[in-house]
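*Asks:* Please read through the structure below; I'll follow up with questions.
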There are 2 protein chains.
Amino acid sequence: MNTKRILLGIVVCLLLFPIRAQIVWQQMEPGVWKGVIGMPEDYSLLTVAGVLPLKEGFTRLPEVHLPELANEIVGTVQDGKTYLQIPLEKEEQIFGFGLNFQTVHQRGKILNLHVDHYGGKDNGRTHAPVPFYVSSLGYGILVNSARYLTVYAGSGVRKDSPNVPIARDRNTDKDWTSAPYSDAVSILVPARGVEIFLFAGPTPMDAIRRYNLYCGGGALPPRWGLGFTQRTQKLYTADDVEREIDEFERRGFPLDFIGLEPGWQSKAYPCTLEWDKKRFPNPVDFIKKMEKKGVRINLWTNPYLSPESDIYKRMYPVSGSHTVWCGIVPDMADSLARQLWMDKLEKEHVCIGVSGYKIDEVDGYDRYLWPDVATFPSGIPAEQMRQTYGLWMQRTTSKLYEKYNQRTFGLVRGSNAGASSFPYVIYNDYYSHQDFITALVNSGFCGVLWTPEVRSSKTGEEWLRRFQSVVFSPMAMINAWSNGTKPWSFPEVAEQVKEYAILRMRMMPYWYTEFARYHFDGIPPFRAVNLESGFNPKQSVRMEVENDNLDDNPYMEAISKEIKDQYMAGEYLLVAPMFTGQKERYVVLPKGNWYDFYTGEYVGNGERITVSPGLDHIPVFVKDGAIIPMMEPMLHAPKAGQKINLEIRHYGKAEGRYFLYDDDGETFDYKKGIFSWREINVIYDEKDRLKGIISKAEKGKPDNIAKVTWKFMTAKYGISDDGRSGSSENDNRCSGY
Amino acid sequence: MNTKRILLGIVVCLLLFPIRAQIVWQQMEPGVWKGVIGMPEDYSLLTVAGVLPLKEGFTRLPEVHLPELANEIVGTVQDGKTYLQIPLEKEEQIFGFGLNFQTVHQRGKILNLHVDHYGGKDNGRTHAPVPFYVSSLGYGILVNSARYLTVYAGSGVRKDSPNVPIARDRNTDKDWTSAPYSDAVSILVPARGVEIFLFAGPTPMDAIRRYNLYCGGGALPPRWGLGFTQRTQKLYTADDVEREIDEFERRGFPLDFIGLEPGWQSKAYPCTLEWDKKRFPNPVDFIKKMEKKGVRINLWTNPYLSPESDIYKRMYPVSGSHTVWCGIVPDMADSLARQLWMDKLEKEHVCIGVSGYKIDEVDGYDRYLWPDVATFPSGIPAEQMRQTYGLWMQRTTSKLYEKYNQRTFGLVRGSNAGASSFPYVIYNDYYSHQDFITALVNSGFCGVLWTPEVRSSKTGEEWLRRFQSVVFSPMAMINAWSNGTKPWSFPEVAEQVKEYAILRMRMMPYWYTEFARYHFDGIPPFRAVNLESGFNPKQSVRMEVENDNLDDNPYMEAISKEIKDQYMAGEYLLVAPMFTGQKERYVVLPKGNWYDFYTGEYVGNGERITVSPGLDHIPVFVKDGAIIPMMEPMLHAPKAGQKINLEIRHYGKAEGRYFLYDDDGETFDYKKGIFSWREINVIYDEKDRLKGIISKAEKGKPDNIAKVTWKFMTAKYGISDDGRSGSSENDNRCSGY
């Protein structure tokens, strides 16, 4: 003990002198470099996520060299911590730092990145506090640490800065500001070293793509995952669930998977992970029967084990020092704990056909989760366990489904960097419709998926408005575990709700393709308008706008502000949700011609427009030349190999090209190359008529298309590749969808 | 560099094994023990505060042995941090952890103690996040670290706890709770060791007294500091200030010191510390002239130095890496920086008679203060600098005034443990009247003073209600720097405001004595009712109340709840402020008979009463046998040696004894024993009449009393020690005060 203390003393003295070394950058993948400062910890976000870069995806990105910025990044180790400093130019805006709910522009913010429930303020405590940001100048930075990081995103002014602002007298100088120009992002990593990753552009979108590809490519859900889902009340029995499924069918509402809440377990909070014999006497038959009805079963759980679970005793020695609701906390950094956990899930659920999980309470909050003074047998500190628990949950369950060659699509409350490839959607208890949309905007900056779920509403209007939004999101869910609301619970809007649920289904070829692009190319299916090429990010910093008079130049004004309430859905769609009480709203359209989704009519180009669509519609706008593949209305997603009839819509006047993705929709065979990209072209023929052409599937590749019809939403006429007319004046004015 | 890294590697490996050693307790003062865990840092809160225990004060406390608790405290060093665990019994309640604004009971809370502006939530970020708490069982714990500490105040359950709660099924068990019983306070200290202090009781008040005495005894302000103070508008000139002082005099409003806001400086934010020549062409004469009018000058400043200050160049090398509003930050842990700072204040202000400071912006907030990645030439990390900057400010300025043998009384926005003896009152921008009262309650738990300042109001009612509260607080201040409100600004309540301002002055002998008790005995002048002996702290935990039916036993119900809106002012007074809009309120009276301050009438005993005093009065209640020494109305505090006429009030039916303190009221000569305690007794004479007796001042000791009159507020008659009748029926019903 004494020699240990002496040694400690010597090193503590040594450590008082900061270590400041040149960062050596190592290329990891094309356009991705890793820099090392000090002695990084072995346990990091990327190691926990177990990322395997999707190498093939990088080939479709521009070739780039190490950005000059790399040489300007400074890392110093002192006081047992690593201080990072990354330059910021005056006109730069930055985005990211995880799943924020109220802000998109992160410049000037101070954050303490900490996995937690969202507490109503963008302060770094959120479900996915991903230490990754993207600059409007076209690069991304990831700090690969599972510690609580303090981020000064352009806050704090160094006295020796070459760009030091001048002091002003607050007594008399009207130009005095409380926040003078800060020329760096500073990050405090409470560890003696860290890895930092630099993702090159040239565009911000390219940097995000590289990040997602480095993390394995985005998640590709099973096709059914993009259908409609409902979560049932917490004490529902098997019969109750069946009745609910039947009612969806009878009423003609789509339903692809249904979620069982805590009551499926014999004990919950803490959990046994075992079926309740009374409420679910025969889970095997139940699941089979529901699958025959076209509906899969998703199970709620949290990882905190009840003493009555049959794995409790074996898990006890590999669990943390502290309990959560008196349940033990599996030490997920320990391989035995992981194995016990996975074996249990496999035996109880996965092997009998459970399609996935809703993994609750792996985010926080502090009052019930293990404290930072908890210890784990693996030696991993509580802090790092907190930052990575959601990652472990996603990784272990994903692995389990890979073993069964069945894709899953589930829900999780906690995540972090490296999660892009996990087929999980984040959700929470916070219920602001506006902030839910801002979270959707931000999810695209940090490699996670988010659902603006519908839970309850005070009025039919709110119900419909929320429903319209969730239909344009990664998971179209009603989460009715506590109040039992059904899609038709508000009769005055039940018809509109149904129309949108069916629209969700009709758009499945588009959604599925956009998720394939997330997977293969790293392009987030839901994302900020700031990432659009027609939206000049360089002009997004307020001070740089040349003409900021709203009357003279509303577009410049608009894009200099944070855009928090509209987002891109896939390649072509700009969605601008309406919120309860709104009769009209502004929409900022990036440059290029934009068209109304419902009518095909021209709406604007690089400008701020006002829309007042009435209650029946959520405003959706479409890019010029857009090609939106849709299918006929169905109540359940097409099964593997099931043929569908395609309706291909074209918007605007420009020619268009789109690649439609297809595979079996259920297994991981796409990883072996068993998928197809069918090229769709809309071009002007010699008579200046728009003409649609779709390539055949390659030989031996999936081909699930029966019939193709074309719909030219804007053009007065058009023809399909077989020469038949695919549109008429009337078609252009289709109502509803 | 390489050997450094290798050594580092070895030790990092070594450090993975937790060091868990028996804590050896060393007695520091009677009833005060220090325990050491790991290798505590040299730089700590108590070293920065430079505490010198007031040894003499301990002699008046009961003799105690090391509490058994000491052996149950566990300290572990792991992951480079110290984990503390201090047992909590089921029926225990804990108080403290600094200047909280919304809660008094701290059990169950999770806090990150961090000097900061108060952001509206009791989460540990506050102006004085003192890592000291007091238990209802009668002991106090101080963690002497200048790091950001994470506190789990009875939150988190260890699986190997001997008191582990049982798991329940949330699906079906109605007794399920989200917060099962936690049997310890856990504290995470991000350092490889720490000192922990244990302060014995036997009562919670005794523990607090030991803490304050250990920190040098409470602050004893100059007498004028307890008078009335007004802060002027920020760009006021010398003439404006003089006019304002004259107006106070003309209108008959008391005024003892006046505060100049940023405009007195030639440049502010950042500051020159130099007089503005235009607004204050002759500061020396100005200060003298004002002093002749009986009004002292207090100066606002913050410590961030303008390039135009004449000490800027010398301070530059001993300032931090980051600026605040482009001003450099003196490295207060460096003795040269402190000397430059003190010399500047001395030369510019103290030597010409400035009476004190309002030291602003040493708390936060993060957006403008130095970031945690800032460095300082002394090598002290930014985190520790943040936690101690307010302490340094108080210590250096206090020292300066000691040099001049002149007491000061000022304002500061940031403080921490060890500050009890500093003559500073904390203030902030937050402006909830209710929460200001809760802060006053909590200030008594952590050795700081707090003013519920009056700034502006929407209505006369609010103005008066706030004013009534601030009169019963450490500093009776209107802080009108931004809006220029005057005490008489609301004509409809100007008379009542004046009455209370004069009451403040009349009570000066009582206030001054109570501050002397703070100094000599460590008894906080303003504090929670929980510390009263008639208020059973053991019953203050909700779950332990035997009969919690409000109708059956409202007192038990009341004290089981947090009492956040009433407080003790000195030995005898219980103050229960009224808030805007309230027509009536509850007051919880500890056991013992209580009387109305204004009428002397009996109001209750150990019960919850409802009062509806009208707008004219703030409810104040007085203990049985209370002796309240008052003086005649004066607009300025008595000067050194000035004789006053005393009115001694007695309340209730019990005999009473009180020691009245006196000294010159201005210098530090009391530290040389130049003070007096005059014994006042009220006893029943042989005819069963109450009789008041006051001892003469000891020979050679201060004696500033001219005439004494007695007022028996409750008793129908009474006599003074010279045999004259001191009360009548009419006197008992005096109006106003």
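*Asks:* Quick one: A:PRO131 ticks every box in (1) on the phi < 0 side of the Ramachandran plot; (2) within 13 Å of chain B (Cβ to nearest Cβ) bar one, so which box is it?
*Replies:* It fails just one condition, (2).
*Asks:* Kindly provide the set of residues from segment A:700-726 that are modelled with pLDDT under 90 and either within 25 Å of A:GLN496 (Cα to Cα) or under 34 Å from the mean Cα position of the chain (by Cα) (or both), ordered by number.
*Replies:* A:GLY700, A:LYS701, A:PRO702, A:ASP703
*Asks:* Of all the residues that make up segment B:240-274, how many are closer than 30 Å to B:CYS326 by Cβ, open to solvent by 30 Å² or more (accessible area, probe 1.4 Å) and in a helix (DSSP H, G or I)?
*Replies:* Here the count works out to 1.
*Asks:* Can I ask one more? Looking at the structure I just gave you, is B:THR610 of a type in the set (S, T, N, Q) and touching a residue at least 60 places away in the same chain (Cβ under 8 Å)?
*Replies:* no
*Asks:* Residue pairs, Cβ under 8 Å, 6 or more apart or interchain, first in segment B:144-162 and more than 9 Å from chain A (Cβ to nearest Cβ) and within 21 Å of B:LEU113 (Cα to Cα), second of a type in the set (A, V, I, L, M, F, W, C) and part of a loop (DSSP other than H, G, I, E, B). List them.
*Replies:* B:ASN144/B:ALA417; B:SER145/B:ALA191; B:ARG147/B:ALA191; B:VAL151/B:PHE97; B:ALA153/B:PHE97; B:GLY154/B:LEU88
*Asks:* I've got another one for you. Give the residues of segment B:188-231 that are of a type outside the set (Lys, Arg), within 14 Å of another protein chain (Cβ to nearest Cβ) and either in a loop (DSSP other than H, G, I, E, B) or open to solvent by 10 Å² or more (accessible area, probe 1.4 Å) (or both), sorted by residue number.
*Replies:* Once the filter is applied, which keeps residues that are of a type outside the set (Lys, Arg), within 14 Å of another protein chain (Cβ to nearest Cβ) and either in a loop (DSSP other than H, G, I, E, B) or open to solvent by 10 Å² or more (accessible area, probe 1.4 Å) (or both), segment B:188-231 yields B:LEU188, B:PRO190, B:ALA191.
*Asks:* Looking at (1) more than 30 Å from A:GLU249 (Cα to Cα); (2) part of a loop (DSSP other than H, G, I, E, B); (3) open to solvent by less than 10 Å² (accessible area, probe 1.4 Å), which is the only condition A:VAL354 fails?
*Replies:* Failed condition: (1).
*Asks:* Still on this structure: Can you tell me which residues in segment A:352-372 are more than 11 Å from chain B (Cβ to nearest Cβ) and either farther than 19 Å from A:ALA49 by Cα or free of Cβ contacts under 8 Å to residues at least 24 places away in the same chain (or both)?
*Replies:* If the condition is that a residue be more than 11 Å from chain B (Cβ to nearest Cβ) and either farther than 19 Å from A:ALA49 by Cα or free of Cβ contacts under 8 Å to residues at least 24 places away in the same chain (or both), then A:ILE352, A:GLY353, A:VAL354, A:SER355 are the ones that fit.
*Asks:* When only residues in segment B:275-289 that are out of contact with any Gly (no Cβ under 7 Å at 6 or more places or on another chain) and part of a loop (DSSP other than H, G, I, E, B) count, which is most open to solvent (accessible area, probe 1.4 Å)?
*Replies:* B:LYS278
*Asks:* Can I ask one more? What residue, among those in segment A:111-151 that are part of a strand (DSSP E or B) and open to solvent by 10 Å² or more (accessible area, probe 1.4 Å), is farthest from A:ASN100 (Cα to Cα)?
*Replies:* Selected residue: A:TYR139.
*Asks:* Looking only at segment B:164-187, filter to residues that are in a strand (DSSP E or B) and more than 7 Å from every other protein chain (Cβ to nearest Cβ); which one of those is surrounded by the fewest Cβ atoms within 10 Å (Cβ to Cβ)?
*Replies:* B:ALA184
*Asks:* Also, I was wondering about something else. Run down B:VAL329, B:VAL284 and say which single residue is within 14 Å of chain A (Cβ to nearest Cβ) and either at pLDDT 95 or above or in contact with a helix residue (DSSP H, G or I) (Cβ under 8 Å, 6 or more places away or on another chain) (or both).
*Replies:* Going through B:VAL329, B:VAL284 in turn, just one is within 14 Å of chain A (Cβ to nearest Cβ) and either at pLDDT 95 or above or in contact with a helix residue (DSSP H, G or I) (Cβ under 8 Å, 6 or more places away or on another chain) (or both): B:VAL329.
*Asks:* Cβ-Cβ distance below 9 Å, separation of 6 or more or different chains: which pairs start in segment A:55-79 with a residue that is within 14 Å of another protein chain (Cβ to nearest Cβ) and end on one that is at pLDDT 95 or above and in a helix (DSSP H, G or I)?
*Replies:* Listed by first residue and then by second, the contacts come to A:ASP79/B:ALA382; A:ASP79/B:GLU383; A:ASP79/B:GLN384.
*Asks:* Additional query: Testing A:PHE422 on (1) part of a loop (DSSP other than H, G, I, E, B); (2) under 25 Å from A:GLU346 (Cα atoms); (3) open to solvent by less than 10 Å² (accessible area, probe 1.4 Å), one condition comes back false. Which one is that?
*Replies:* Single failed check for A:PHE422: (3).
*Asks:* To continue, here is another question. Does A:TRP481 fit the bill of being surrounded by fewer than 24 Cβ atoms within 10 Å (Cβ to Cβ) and modelled with pLDDT under 95?
*Replies:* Here the answer is yes, as A:TRP481 does meet what is asked.
*Asks:* With the checklist (1) open to solvent by 60 Å² or more (accessible area, probe 1.4 Å); (2) out of contact with any strand residue (DSSP E or B) (no Cβ under 9 Å at 6 or more places or on another chain); (3) at pLDDT below 95 in hand, flag the one item A:LEU7 doesn't pass.
*Replies:* Among (1) open to solvent by 60 Å² or more (accessible area, probe 1.4 Å); (2) out of contact with any strand residue (DSSP E or B) (no Cβ under 9 Å at 6 or more places or on another chain); (3) at pLDDT below 95, A:LEU7 violates only (1).
*Asks:* Output the residue which, of all residues in segment A:373-406 that are polar (S, T, N, Q) and in contact with a Lys or Arg (Cβ under 8 Å, 6 or more places away or on another chain), is farthest from the other protein chains (Cβ to nearest Cβ).
*Replies:* A:THR396
*Asks:* While we're looking at this one, here's another question. Look through A:GLU495, A:GLU514 and report the one residue that is open to solvent by 10 Å² or more (accessible area, probe 1.4 Å) and under 30 Å from A:LYS707 (Cα atoms).
*Replies:* A:GLU495
*Asks:* Just to be sure I understand, how many residues within segment B:36-61 are part of a loop (DSSP other than H, G, I, E, B) and closer than 24 Å to B:VAL74 by Cα?
*Replies:* 6
*Asks:* Would you confirm, using the coordinates I've provided, whether B:LYS399 is in a helix (DSSP H, G or I) and within 30 Å of B:ILE141 (Cα to Cα)?
*Replies:* Spelling it out, B:LYS399 is indeed in a helix (DSSP H, G or I) and within 30 Å of B:ILE141 (Cα to Cα).
Residues checked against (1) open to solvent by 40 Å² or more (accessible area, probe 1.4 Å); (2) of a type in the set (A, V, I, L, M); (3) at pLDDT 95 or above:
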| position | (1), (2), (3) |
| --- | --- |
| B:LYS293 | yes, no, yes |
| B:PRO307 | yes, no, yes |
| B:LYS313 | yes, no, yes |
| B:LEU345 | no, yes, yes |
| B:LYS358 | no, no, yes |
| B:TRP370 | no, no, yes |
| B:GLY379 | yes, no, yes |
| B:GLN384 | no, no, yes |
| B:ARG395 | yes, no, yes |
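The values are calculated or read from the model by the stated rules, or taken from the named source; none is laboratory data. Computed from a predicted structure; not experimentally measured. Glycine also receives a Cβ, built like all others from the backbone with ideal geometry; neighbour counts cover every protein chain displayed. Areas reflect the complete protein model, heavy atoms only, side chains present, ligands, DNA and RNA absent. Shrake-Rupley method; radii C 1.70, N 1.55, O 1.52, S 1.80 Å.
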